[in-house]
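The values are calculated or read from the model by the stated rules, or taken from the named source; none is laboratory data. Model, not experiment: these values are computed from the prediction. Using ideal geometry, Cβ is built from the backbone for each residue, glycine included, and neighbour counts are taken over all protein chains shown.
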Amino acid sequence: MTLRETEYVTLSTNAGPMRAAVFAPAAKGRWPGVVLFSEIFQITAPIRRTAAFLAGHGFRVLVPEVYHEFLDAGTVLGYDKAGADEGNRLKYAKPLASYDADAAAALDWLRGHPEGNGRAGAFGVCLGGHLALRAALKPECSGAVCFYATDVHGGTLGAGKKDDSLARLGDIRGETMFVWGRQDPHVPVEGRAKIHAALDAAGVNFTWHEVNAAHAFLRDEGLRYDAELAHQFLALAVASLRRSLAG
């Protein structure tokens, strides 16, 4: 379906205003909401295209600037060493509580939207995959999709590099989908096994996919992009979110 012109909203958080882009179907309807958490590079062109893809399948998609308290509104980091270094520095400078507060503000905005159906979920890649998992810990989140989520197996997200995501998996109430690349050095086989075992032990309703692909294979820019796998797993992501967020 066709989309409305992208708009921007500013949400209040405990660390100040958070700018976010909104992608939504042009047709009138009660569209469920999805918070799309980006990589460490913020709202890049590939992230925008992913948001547009999801919105085109019947979701109102809110994409927050994950480093809003550190960078000027509208800042996009480059897919290069300088951008990666800065993004990784900020990933460990931001307190875990601030990541969680951002998710709460985003979910509340979507759930309360006058043209929504009262339900909201999360989708994320890389850093955003972990943030989508953190969002899924909240009762307000009805479902989540996490692509190659970093720092989960080591419990190292946020300032101090000590998160409690694995310990809190039992808080998840909605269906959660995980996708991993076997050739991803950021989440080795031992790390994936640790996460899978913790999900099983917590009794989470989840689906699990491991594919022969590199980290960031979903990103439609650069040599790691795998178009066929991206097409396949975006379709599965839409199906998962539809099951979770149906009114």
Residue count, region 37-75, condition touching a helix residue (DSSP H, G or I) at 6+ places or on another chain (Cβ under 7 Å), without any contact (Cβ under 8 Å) to a residue 40 or more places away in the chain and not hydrophobic (A, V, I, L, M, F, W, C), comes to 1
For the structure I just gave you, tell me whether D226 is out of contact with any Phe, Trp or Tyr (no Cβ under 8 Å at 6 or more places or on another chain), of a type in the set (D, E) and in contact (Cβ under 8 Å) with a residue 12 or more places away in the chain. no
Check K138, K91 and return the single one that is touching a residue at least 24 places away in the same chain (Cβ under 8 Å) and either of a type in the set (D, E) or surrounded by fewer than 21 Cβ atoms within 10 Å (Cβ to Cβ) (or both). K138
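Okay, residues lined up against (1) surrounded by fewer than 24 Cβ atoms within 10 Å (Cβ to Cβ); (2) over 25 Å from H68 (Cβ atoms):
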position: P114; (1), (2): yes, no
position: V125; (1), (2): no, no
position: L157; (1), (2): no, no
position: K161; (1), (2): yes, no
position: P185; (1), (2): yes, yes
position: R192; (1), (2): yes, yes
position: I195; (1), (2): yes, yes
Yes/no for S98 being of a type in the set (G, A, S), in a strand (DSSP E or B) and farther than 21 Å from V238 by Cα: no
D102: among the acidic types (D, E), under 14 Å from the mean Cα position of the chain (by Cα) and over 16 Å from L166 (Cα atoms), yes or no? yes
Considering only region 1-37, state which residues are modelled with pLDDT of 95 or more, more than 19 Å from D100 (Cβ to Cβ) and either outside any strand (DSSP E or B) or among the basic types (K, R) (or both). T2, R4, E5, T6, A24, A26, A27, R30, W31, P32
